[in-house]
Amino acid sequence: PEEPKEPPAIVEKPPVVKDEPPTSSEVASSNFTVSKASSQSCLERVSPNNSTTFTITVTNNRTEVASDTTPDEIQFIKDKLPIGFVYTPESTLINGTASPDSGLVTVTSIGNTQEIMWKPSSSWIVEQGKTFTISFDSTVTSNSVTGQHNNEVIVNPKEVPLHPNSLRSQTQIIV
């Protein structure tokens, strides 16, 4: 008969240490998403059918409580109007309340388009599970091109987002 074999020696290996990024609850990051809508889907270049109200809705989707006390803040919001559209001065509503343009709204002309930036003197704080809205009016001018146009908005939070694409949105409008 065969002699019994000795059991193989057990070799202990050191634990594997993974270089993984911290979880979202360990790092302050924004969980904002943005959507964009227009009160009209089709406009003309002449009054009375040449204006629309755009609404930007930012939602704080944070579900966990961050390990620090950093609030979820928006530093500014930019909206690039389609070619031939112009911002209607003093038309901004923030969370349904009229807000004067002075010290808040900057409109920059870029060729035949405008870029609107809403930048408060101190960041807007949007609490977990809440929304923040900006509505404003825009008019189509004779410089607009016939066809489908994209209107894009970008939200710039204080903290780096987990999913940066969630900070951009657009709506389409036909002239």
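The values are calculated or read from the model by the stated rules, or taken from the named source; none is laboratory data. From a predicted model like this one, the values you see are computed outputs, not experimental measurements. Using ideal geometry, Cβ is built from the backbone for each residue, glycine included, and neighbour counts are taken over all protein chains shown. These accessible areas exclude ligands, DNA and RNA; they are computed on the full protein's heavy atoms, side chains included. Shrake-Rupley method; radii C 1.70, N 1.55, O 1.52, S 1.80 Å.
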Being over 19 Å from S169 (Cα atoms), modelled with pLDDT under 90, within 19 Å of the chain's Cα centre (by Cα) and not in a strand (DSSP E or B) narrows it down to one of T69, T63, so name that one. T63
Looking only at the stretch 124-144, count how many residues are open to solvent by 70 Å² or more (accessible area, probe 1.4 Å) and of a type in the set (A, V, I, L, M, F, W, C). 1
Is it true that some residue in the stretch 90-102 is at pLDDT below 95 and closer than 19 Å to Q40 by Cα? no
State all residues of the stretch 145-170 that are at pLDDT 80 or above, of a type in the set (S, T, N, Q) and open to solvent by 20 Å² or more (accessible area, probe 1.4 Å); if no residue qualifies, say none. T146, Q148, N150, N156
Can you name every residue in the stretch 102-117 that is within 24 Å of P48 (Cβ to Cβ) and part of a loop (DSSP other than H, G, I, E, B)? N112
Which numbered condition in (1) under 27 Å from Q128 (Cα atoms); (2) open to solvent by 70 Å² or more (accessible area, probe 1.4 Å); (3) modelled with pLDDT of 90 or more; (4) within 16 Å of the chain's Cα centre (by Cα) is the only one that K80 fails? (1)
Here is a list of conditions, (1) in contact with a Phe, Trp or Tyr (Cβ under 6 Å, 6 or more places away or on another chain); (2) not in a strand (DSSP E or B), and P120 meets all of them except one; can you say which number that is? (1)
